[in-house]
Amino acid sequence: MTTSAPSKNYADDVSLLVVTLDTNPFFWSSFPFHFSEFLSQVLAFLNSILLLGQLNQVVVIATGCNSCSYVYDSASDKNHASTNGTMPAIYSNLLHNLDEFVAKDQQLTTPHHKPGTIPSSLLSGALSMALCYIQRAFRSGPMHPQPRILCLQGSTDGPEQYVAIMNAIFSAQRSVVPVDSCFIGSNNSAFLQQASYITGGIYYRPPQMEGLFQYLSTVFATDLHSREFLRLPKSLGVDFRASCFCHKQTIDMGYVCSVCLSIFCEHHDKCSTCRL
Amino acid sequence: MNNIAGKPLNGDLEDDDEDEANDDGLEAWERAYTEDRSWESLQEDESGLLRPIDTTAIHHAQYRRRLRALASNAATARIQKGLIRYLYIVVDLSKAASERDFRPSRMAVIAKQVELFIREFFDQNPLSHVGLVTTKDGVANCLTDLGGSPESHIKALMGKLECSGDASLQNALELVHSNLNQIPSYGHREVLILYSALSTCDPGDLMETIQKCKKSKIRCSVIGLAAEMFICKHLCQETGGTYSVALDESHFKELILEHSPPPPAIAEYATANLIKMGFPQRAAEGSVAICTCHEEAKTGGGYTCPRCKVRVCELPTECRVCGLTLISSPHLARSYHHLFPIVPFAEISPSSQNDPNHSFPNTCFGCQQSLLSQGFGAGNKAELSVSCPKCKQQFCLDCDMYIHESLHNCPGCESFRHSKSVTIAQ
């Protein structure tokens, strides 16, 4: 039994932006750009989204190394302005929740990862939570905002999350929710490139981190309808080749088991995964 | 004045005789009161106000029951599923398909639902093939061959919707049997028959044909639109398929969409093989090549077969020159959720939630919706919610349905690193 895509009764130009924010401490400690400067640019960007339209909504999910959690929801009634009025409500709430989240995430860290490698952040969890929230928005009434997801990611892809991320991508494709990615790490992220290609979003790596706000506001701030009128970064060469299960190398011709769909580069008599 | 209402619609009096005799003399608006009875869908609530019946609670209860039935069969073992399927859809275009008991007619409903089914089928089984067969005037014709592109099947079906004559079950099965004998041995052979007639006009012994299909390991399923027939039930029991009869349009849609996820595979039915497949790269923008599907020169985005280097326009497909199956890794990934299903969530009754000894969160973990019921005078009563047995996070019923039907990831298990118990590094 499948759920059909919800009927598209969009209120004009109203967007719901769900942002997944990478807070992986292992990544940020080795990255030349400081997390606090990154965060100040992102906060300015989120504020500008809320200023573009009175009905726009922003939800922020923090993607940590051991857990994920909601840190900000502009539509919730729990937002209070800071007590001494020095910051807008969005800043104080988000920073407060983010502080709590990072402290809790740190407590959950166990020294199990291999030294020399940076553990990945839990992008699959954040995407799943974002999609559940967007489904709730679809149920909210006859006219609902146009949802999209923006992934601010720097950590490398964790191969153990491949199946979960692909499931999330296909579900986003069926519900017509574009997944944009702003990737700040060193090498391109294959998962996010595939996500943006399949769902019709934008994948972009900002060349200079000092101008991050500029890139965010020109590429990722526009709503979906207005994107038709803009020249946005084109996706270059998404690599759809598979990797073989035995050597983990990308191959362009291989053997696929008809029962369990494992991919091998050489022909075997028996599939080693399902032993059939 | 009443003759318009009294005239039978189809011209055959035998079927509508009883109805017409009783409603003779009624206008169309009067018949709506006797047939539709729209007042029955209203209910009084506590304060005496009228409101429509709350179907969401009934919907959730049905969904939970269905999930429990599936889970009890599956237990904890992972069932092997037939992922590479070769399915023939047999559409009955006999005179009975033009009946109007399904609005606007059985044929129109079948055509619309088959279109939806084909799209859903290729979404869930990207490596599979579908073919269409129609039966009318006592013969069966192959409308489209087994192919992997949904558009060609849908276009062919929409062009040929005239109904006449009798349906022939044996001819349809013979045709399907001869076609399915040519497919490779690792594929699962299936037939889905959408039968609206109450009889079959056959040239020989239908039981022999059924035994032939059973020997060739073809799994036949039937969805009836009229009434239950013994021969269909016998066919499905012999070959291991499912037989169901649709009550109305929405039930028919439910029944046909139940056939889109892969059925449990009987191990002897298809041999396990390693199939050679290619993973083409996308051609560079601006390159010019003659594509093999349309046979004209095209620029830019297309794929290059890794074995013979010709250009194809879309995936998944079979290279026309060298016969290599070409797919991309997302197509394989679409089927992974059949191999790694998530466990059904356990229900939490509202009474145990009000227990002061346990602390339950007030919001759903996935969508942050409040789990306390909203309503006048409801106070802080908790509603029915579910929780994942692995990560123990609580979810609302809507998230439960979305997660199990579309997302196939538990957000709780994915959001906590050390609760992962399933890895794909197998």
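The values are calculated or read from the model by the stated rules, or taken from the named source; none is laboratory data. Just so it is clear, the structure is predicted and the values come from calculations on it, not from any experiment. Positions of Cβ are generated from backbone atoms using ideal geometry, with glycine treated the same way; all protein chains shown enter the neighbour counts.
Answer with yes or no whether residue B:132 is touching a Gly at 6+ places or on another chain (Cβ under 9 Å) and not in a helix (DSSP H, G or I).
Answer is no for this residue.
Out of the residues in the stretch A:162-202 meeting the condition of being within 14 Å of chain B (Cβ to nearest Cβ), of a type in the set (S, T, N, Q) and within 13 Å of the chain's Cα centre (by Cα), tell me which one is nearest to residue A:241 (Cα to Cα).
A:194
Rundown of residues vs (1) assigned to a helix (DSSP H, G or I); (2) touching a strand residue (DSSP E or B) at 6+ places or on another chain (Cβ under 7 Å), yes/no style:
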| residue | (1), (2) |
| --- | --- |
| B:289 | no, yes |
| B:294 | no, no |
| B:298 | no, yes |
| B:301 | no, yes |
| B:308 | no, no |
| B:315 | no, yes |
| B:320 | no, no |
| B:331 | yes, no |
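Quick test for you: out of B:152, B:196, B:164, pick the one residue that is assigned by the TED database to the domain that holds residue B:262 and either of a type in the set (A, V, I, L, M) or at pLDDT 90 or above (or both).
B:196
Can you go through B:116, B:127 and tell me which one is in contact (Cβ under 8 Å) with a residue 40 or more places away in the chain, hydrophobic (A, V, I, L, M, F, W, C) and surrounded by 19 or more Cβ atoms within 10 Å (Cβ to Cβ)? First the steps, then the outcome.
Details: B:116 fails: surrounded by 19 or more Cβ atoms within 10 Å (Cβ to Cβ).
Sole residue among the options that is in contact (Cβ under 8 Å) with a residue 40 or more places away in the chain, hydrophobic (A, V, I, L, M, F, W, C) and surrounded by 19 or more Cβ atoms within 10 Å (Cβ to Cβ): B:127.
Scanning the stretch A:210-259 for residues that are of a type in the set (Asp, Glu) and outside any loop (DSSP other than H, G, I, E, B), which turns out farthest from the other protein chains (Cβ to nearest Cβ)?
Filtering the stretch A:210-259 for residues that are of a type in the set (Asp, Glu) and outside any loop (DSSP other than H, G, I, E, B), the one farthest from the other protein chains (Cβ to nearest Cβ) comes out as A:210.
Mind checking which pairs have a first residue in the stretch A:57-78 that is at the interface with chain B (Cβ under 8 Å from one of its Cβ atoms) and a second that is β-branched (Val, Ile, Thr) and in a loop (DSSP other than H, G, I, E, B), Cβ under 6 Å, 6 or more apart or different chains?
From residues that are at the interface with chain B (Cβ under 8 Å from one of its Cβ atoms), the pairs are A:66/A:109.
Does residue B:200 count as more than 30 Å from residue B:326 (Cα to Cα), among the β-branched types (Val, Ile, Thr) and either touching a Pro at 6+ places or on another chain (Cβ under 7 Å) or buried (at least 19 other Cβ atoms within 10 Å of the Cβ) (or both)?
In short, yes.
Only residues in the stretch A:153-181 that are under 22 Å from residue B:401 (Cβ atoms) and assigned by the TED database to the domain that holds residue A:30 count as the first member; pair them with residues that are crowded, with 24+ Cβ neighbours inside 10 Å and of a type in the set (Asp, Glu), Cβ under 7 angstrom, at least 6 apart or cross-chain, and list the lot.
Once the first residue is under 22 Å from residue B:401 (Cβ atoms) and assigned by the TED database to the domain that holds residue A:30 and sits in the stretch A:153-181, its partners that are crowded, with 24+ Cβ neighbours inside 10 Å and of a type in the set (Asp, Glu) give A:164/B:414.
Say whether the condition of being part of a strand (DSSP E or B), modelled with pLDDT under 75 and either crowded, with 18+ Cβ neighbours inside 10 Å or over 19 Å from the mean Cα position of the chain (by Cα) (or both) is met by at least one residue in the stretch B:64-77.
Step one: list which residues in the stretch B:64-77 are part of a strand (DSSP E or B), which gives none.
Within the stretch B:64-77, none of the residues are part of a strand (DSSP E or B), modelled with pLDDT under 75 and either crowded, with 18+ Cβ neighbours inside 10 Å or over 19 Å from the mean Cα position of the chain (by Cα) (or both).
When the stretch A:216-236 is examined, which residues are found to be surrounded by 12 or more Cβ atoms within 10 Å (Cβ to Cβ) and within 21 Å of residue A:156 (Cα to Cα)?
A:216, A:235
What strands (runs of 3 or more DSSP E) completely inside the stretch B:168-287 contain at least 1 residues that are closer than 23 Å to residue B:337 by Cα and within 14 Å of chain A (Cβ to nearest Cβ)?
Per the criteria, B:188-195, B:274-278.
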